[in-house]
Amino acid sequence: MVARAITYLCAMIANDGEKFKKVVSHAKEYGYIYPSSEIYDGLSAVYDYGPYGSLLKNNIKEYWWKAMVQMHENIVGIDAAILMHPTTWKASGHVDAFNDPLIDNKDSKKRYRADVLIEDFMAKLDDKIHKEVDKARKRFGGSFDEAMFISTNNRVLELTDRKKQIGDRLAKAMTDGNMEELRQIIVDCEIADPESGSRNWTEVRQFNLMFSTKLGSVADAADTIYLRPETAQGIFVNFLNVQKTTRQKVPFGIAQIGKAFRNEIVARQFIFRMREFEQMEMQYFVRPGEEDNWYSYWKEHRMKWHKSLGTDDSMLKFKDHENLAHYAKAAVDIEFQFPFGFKELEGIHSRTDYDLSRHQEFSGKKLQFFDPELNQSYVPFVVETSIGCDRMFLAMLCNAYDEEQVQDDTRTVLKLPPALAPVKVAVLPLVKKDGLPEKALEIFHQLRFSHQCQYDEKDSIGKRYRRQDAIGTPYCITVDHQSLEDGTVTIRERDTMQQERVSVEEVQQVVNERVQMNLLLKKLVS
Ligand code: ATP
């Protein structure tokens, strides 16, 4: 075993903004993510996944799918079409209400979401509160009573009250669709354009986020249809088909992974907010009256899923929705601490019987379940979990990216969970002669039946390790001269860089045990 001294280079990633830039350029340089149609200067907020990116994304999807469909005997999966009957979107409310409030700055000509400008302002008030608390903690040391300070300090009380007042006004304006009031909040709070500092704002307008197109060859006669803005509706309209063909009884769930499209007003922050993205959604159909228990179950279960990937507790939190849709009984986001702050990664929503009832009303078809135990029919209530695959990908990338000083060298490493890593193992002959490549290729040809592997003989062994670190390969197997003598190889672990010798016969089993997805799935039921 070779132990190496690692100095963590926290100071090198001076701040989160800088870290984010590094993650973005690393993603491009190492074949994770490219701007879409880059040779034509790209298309705003649309991205392509490269060779390693598509492998990582597939692994994230596989883990989600297995956690839902394989691990729950009462959850089944579907793959519905992206194009749906246009009435679907009338029934779901998207045609009339899937709007974001848009505001332009007249000086900078930049466009913003009015609600996001106000939320960002509230987040700044939050920061000020935290700073006051931190200052007091330093001043009072061990005797500091945070709860007491927050409930009595005048400055903190004033900031908290201001934040609450703005939050209440925002929630009411959003519920009422009151665009004048949204603008007034921006004016009253003296919110300036983050880019230019100007306060010269236009009116606030509603903007529908759905992409429309025409179905049929004669444009005039053709129907307007939409690219789905969420995958959920494909599940709702198939509720009875699935229930009947799989003989499910309530409670049961339908899971789906698929593309969704939103013409986002402001699409920044890389793949956090895209115009074409992928969702992983599960609708769980329950007896009316049992939705609260299931809501709690799914909240806890989904948080467990995130933590099973080794994400530190401090990086994840729940955030209850302050602004509930009229049909929603409860809604919470799982937020992840991206380099640009805590932001929504996944939503868990208790949606009553709204969706099925609306489709029942608009289609004229009964969407009910006959419950043999209760001897009655009803429209089931729905608890849904909805996560963006691309946001999950970004969270994994940000979490994994690290820079370390190793002796007099810096290594960039992606510490991805082994089960999600694009390449599981690289097989490397120490030198390109003496029969080592032949032996290494033999091992490579065996391992690739079970795992995504790479064989690499170019450059020094150090450089090859760095290449594998940069793409996040958890294990490197090195064939050296001793391998020819005693049939052993070294296995190098990415994060510790420690090496151990194992016999060639054991390699397959050792790798299997360490990279398999079962390890993660078992954490979900423990
Ligand atoms: P946001 O408030 O960030 O716009 P949302 O509340 O509209 O998100 P939902 O409609 O609940 O999002 O969608 C479920 C999940 O889909 C989100 O938690 C997020 O992970 C993902 N998602 C939504 N919009 C986008 C987007 N434009 N790009 C990438 N992922 C998205």
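The values are calculated or read from the model by the stated rules, or taken from the named source; none is laboratory data. This is a predicted model, so every value here is computed, not measured. Quick reminder, even Gly has a Cβ in these numbers, built from the backbone with ideal geometry, and neighbours come from all protein chains shown.
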Taking the residues in region 429-485 that are of a type in the set (S, T, N, Q) and outside any loop (DSSP other than H, G, I, E, B) as candidates, determine which candidate is farthest from VAL406 (Cα to Cα).
GLN446
Output the residues belonging to region 250-307 that are within 9 Å of the ligand (Cβ to nearest atom) and part of a helix (DSSP H, G or I).
ILE271, PHE272
Enumeration of residues in region 353-396 that are among the β-branched types (Val, Ile, Thr) and away from the ligand (no atom under 16 Å from the Cβ):
VAL379
May I ask you to list the residues in region 124-151 that are at pLDDT below 90 and closer than 23 Å to ARG273 by Cα?
none
I'd like to know if region 322-341 contains one or more residues that are away from the ligand (no atom under 14 Å from the Cβ), within 24 Å of GLU278 (Cβ to Cβ) and either surrounded by fewer than 15 Cβ atoms within 10 Å (Cβ to Cβ) or not polar (S, T, N, Q) (or both).
yes
Strands (runs of 3 or more DSSP E) wholly inside region 123-233 containing at least 1 residues that are touching a helix residue (DSSP H, G or I) at 6+ places or on another chain (Cβ under 9 Å) and of a type in the set (Ser, Thr, Tyr)
223-226
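Taking region 338-354 on its own, how many of its residues are under 20 Å from PHE20 (Cβ atoms) and over 11 Å from the mean Cα position of the chain (by Cα)?
4
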Search result, residues across region 100-115 that are surrounded by fewer than 16 Cβ atoms within 10 Å (Cβ to Cβ) and under 24 Å from the mean Cα position of the chain (by Cα)
none
Being outside any helix (DSSP H, G or I) and not β-branched (Val, Ile, Thr) is the requirement here; does ARG492 meet it?
yes
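Can you find a residue in region 42-56 that is farther than 30 Å from PRO194 by Cβ, in a loop (DSSP other than H, G, I, E, B) and within 28 Å of the chain's Cα centre (by Cα)?
Checked region 42-56: at least one residue is farther than 30 Å from PRO194 by Cβ, in a loop (DSSP other than H, G, I, E, B) and within 28 Å of the chain's Cα centre (by Cα).
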Set GLY216, GLY177: member being over 29 Å from GLY388 (Cα atoms) and more than 16 Å from the ligand (Cβ to nearest atom):
GLY216
Going by the structure shown, is THR175 without any contact (Cβ under 8 Å) to a residue 24 or more places away in the chain and among the β-branched types (Val, Ile, Thr)?
no
